[in-house]
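The block underneath contains the structure these notes are about, expressed in C-alpha cells.
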Amino acid sequence: MRESEDLEKTPDGGDHDGHPRGSRRESLAITLGFAMAMALGYVLEVAWKRAVVHGFASASRDVIWMAPLSAGIYAALLLAPLWLSAPFFPRPAARAAAAFGAAALAAFAFLLPWTEIHRAAAAVLAMGVGSVAMRWCTTPGRVRAVVRFGQLAAAMLLVVGFASVVFRGWQMRRAYAALPAAATGAPNVLLLLLDTVRASELGMYGYERDTSPAMDSLAAGGVTFDHAVSTAPWTLPAHASLFTGEYPGVLSTSFRTPLDGSNPTLAERFGAAGYETVGFVGNPFYTAWDSGLDRGFLRWFDLRRSVQQVLRSGWIGQSSIVLQLSRARGLRDVAGALRSHEFVVIPKPGGDAPDAAGITDALLEWESSREARPFFAFVNFFDAHESYAPPTEYRTRFTKTPKARDLHDGEIAYVDDQIRRLLTELERRGALANTIVAITADHGEQFREHGISGHGNSLYYHLLHVPLAIRYEGHLPAGRRVPFVVSLRDLGATLLDLAGAARDLPFPGRSLAATWHSTDSIPAGLSPAISELTQDSVPRTDDPLTRSQGISLVENDGMHGIFRNLKTIRPLLFNVRSDAGEKENLSKDAEGRAVYEAQQARLRRLLMLDTLEVVQRREASVGPTALVSERAARYPTQR
C-alpha cells in the first residue's frame, strides 16, 4: 500500500491536477505538533533556571501541564488562517503552509527572550527555520512523525504535570504528619504586609485621608511604632530580611537572584515549634514560589490555576505585546500595544496572582478547614503597587479626577476594607482569640519627591518609613505609641518572643518587647535601622559600606545619613523627625558634614560587627539552627 493512502481521506475531492485537497484536521495536527516542541522547550528552560542556574522561574509551579495548553492555544489562534483554509489548497501546499507557519512561530517564540538579537533578525531566522521545516514535511511519513511527536510530548507533559501536583499534595500531607506538638496555649500569629505602602499614607500616622480605618482601629488596640524603618526599598530583599532577620547586604537576593537556603527562615522557626505555616501572596513578581520566600511554609498560595495563568505559561504569553494587550481597557490601549512592536519576553512578566479580595477568600477558606494547632499565617497584599488600578468604586474615592497618588490611596482603602472583612470573619469564628496580629509594609512609594517615582531606586525616607502595629489582646498595652526608631529586621524575633518560641528557637535580630515597656529611655540592644539597596551583586571590597549599591542609617535623634544612594554618591544627611520630606540636606555645611562623617564611621563599625555575627551563625552546626535546617528539608511548600 502506498504511504499516501494511509492519510486521512477528505470529501473535498481533488483539484484539476488530481491532487487531494488539504485537511483542516491534518494541518491543525501539524501546527500542534510544532507547538508542543515550543512547550517542551519552555518547560526545559524553566527547569534549567531553577535547577541549574538557581534563578527565577517566572512561571507557575504548574507550568509543566500549563505550557502545552498555552502553546496549543496560541498556535491554533495565531495560525488559524493556515489550518482553516487548508481545504481550499492542494494537500501538499496545505501541509507545507502549516509546517512553515508553526515552525516559524515556534522558532520566533524561542528567540523572544534573546533581546540581544534584533527583532528583524529574529524574524528572518524564524522564517529560515520555517522554510527548513516546510521542505522536510514533504512526505506523509514525516508529517505523521510531527503529529506523533506532538501527541507524545503533550501526553508526557500533561501526565508529568499532573503527577507533580499529586506528589506535592503527598509531600504536604507528610509534612503535616511530621509537625511536632506545639506548646500548650501557643498563640496564633497573623502577619499582614502591605506591599508598597509608606507610613505617612495611613490614618494611624496622621494622614488626612481616611484610607485605613480598619487598620487604624486594630493599631489603637495595640502598639504602634512611630518610626519603623524597612531594611530595603523594594520587595524581595525587604521580605527576605524580615523572614531571616538578616540585613539585605548579606543575603543572596537581587533582581536576578532569589533567596537561597543559607539562613533559616521565620516560617521554619515556627514550623519547628509545631505551627502550621501558610502564606498568601499577591505580588507575582518577587513573592511567588520561585522567590525563595516560601521556604518553611507548608502551603504557599501564589499564582492561581486559571485561564489567564495558562495563557502566560510560555514565551508568547510572556511577551511584552501580549501582556500589553491583556491589560488593555479599550481600543486605544490595543492600538498602542500593536504600535509598540515589543516582541520580547520581559525579565519578570509576573502571573495571575490574587488581589486583596482573592487573598481574603483563600485565607478564610483555608482557616475553615485547618488543623487544630496554632498557625503562622503571612499575607502580602499587592494591590497598592503600581500600576494603581483599584476596583471601580475605589477609583474616585478621594477625587473625581484621580491621578497616581489618588489611585494609590484608593488601593489602600480597598485593601483596608478587605482587612476589615478578614478580621471580622475570623473574630466571628473565634479564630482571633489568642492571636497576635501584626500589620506592616515592605517599603513605601515615591510620587516625584526628589524628582523620583516608584521604588527600589533610592534610600529616601519615603521608601523606608513603613507602618508597624502589633495587637495581642491581654498581652500588649492598648493605644501605646513607641517613639523610638526601630528596624523591621527585629519583627521576626519579636513575633517569636511574643509566641513564646524565641528561647528554644533563637532568631537574628532583637525582640522589640522592651520598647512598649519604656517610654523615656531607649532600650538597649535594638538592631540599628540600617537599610540597603541591593539590586545586583557588587564587587566586594574591604569597606563594608560598599557591600550593596546603596546604604543608609536612621538614628534615634532623627539623623538619616545616606552613604550610597544608588548612583548618587554625594553626602546626604537629613533630620527625618523635623523634616520627614527630606528637603534640607544638612551635610552641606561644616557642622552637618561632621555629623555625617561621624555617622558614617559608626555605620562602618556596625556593618563589620554584623558581618562577623553572620559568619558565626552560619558556621554553627549544632543546636536549634541544625534542628530547623533538618526540619526544613521535610517542609515542602504547597499551593
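The values are calculated or read from the model by the stated rules, or taken from the named source; none is laboratory data. Nothing here was measured: the structure is a model prediction, and the numbers come from that model. Don't worry about glycine lacking a Cβ; one is built from the backbone with ideal geometry, like all the others, and counts go over all protein chains shown. The area values use the complete protein model at the heavy-atom level, side chains included, leaving out ligands, DNA and RNA. Shrake-Rupley method; radii C 1.70, N 1.55, O 1.52, S 1.80 Å.
For the reader, a short list of remarks on this structure follows.
- Rounded if a/c under 1.5, otherwise prolate or oblate - the range 367-488, Cα gyration tensor axes: oblate
- Qualifying trypsin sites (Lys or Arg not before Pro) in the range 464-565, DSSP loop, other Cβ atoms within 10 Å at most 11: Arg503, Arg540
- Options Val310, Val334, Leu364, ranked by Cα towards positive dipole end of the range 296-376, top entry (Cβ charges): Val334
- Spin-label model distance (nm) - Leu545 vs Ala220, 7 Å beyond Cα toward Cβ: 4.6 nm
- Counting only protein heavy atoms and a probe of 1.4 Å, the accessible surface of the chain is 58% carbon and sulfur.
- Tensor-based shape of the range 483-565 (alpha-carbon gyration tensor, a/c under 1.5 rounded, otherwise prolate or oblate): oblate
- Cα-based shape type of the range 432-528, given that a ≥ b ≥ c are square roots of the gyration tensor eigenvalues and the cut on a/c is 1.5: prolate
- Between the range 216-255 and the range 425-451, the Cα center-to-center distance that results, in Å: 12 Å
- Pair Asp520, Trp366: separation of 7 Å Cα→Cβ label points (nm): 4.5 nm
- Here the spin labels are modelled as points 7 Å beyond Cα on the Cα-Cβ line, and at Trp48 and Arg142 they lie 2.6 nm apart.
- Coarse-grained scattering of the chain at q = 0.08, 0.09, 0.11, 0.12 Å⁻¹, given as base-10 log I(q)/I(0) from a Debye sum over alpha-carbon atoms: -0.65, -0.79, -1.09, -1.24
- Dimensions in Å of the range 520-575 - Rg and Dmax from alpha carbons: 13.0, 42
- Extension reserve of the Ile452-Asn556 stretch, reckoned as 0.36 nm per residue once the Cα distance is removed: 34.8 nm
- The residues of the range 447-517 expose, per residue, 36 Å² of accessible area to a 1.4 Å probe.
- Computed over the range 281-360, the alpha-carbon pair-distance distribution with 10 angstrom bins reads 18, 42, 30, 9, 1, each value a whole percent.
- Ratio of the Cα radius of gyration of the range 101-183 to 2.2 N^0.38 Å, where N counts its residues: 1.85
- For the range 27-167: Kirkwood Rh in Å [reciprocal of mean 1/r, alpha carbons]: 15.7 Å
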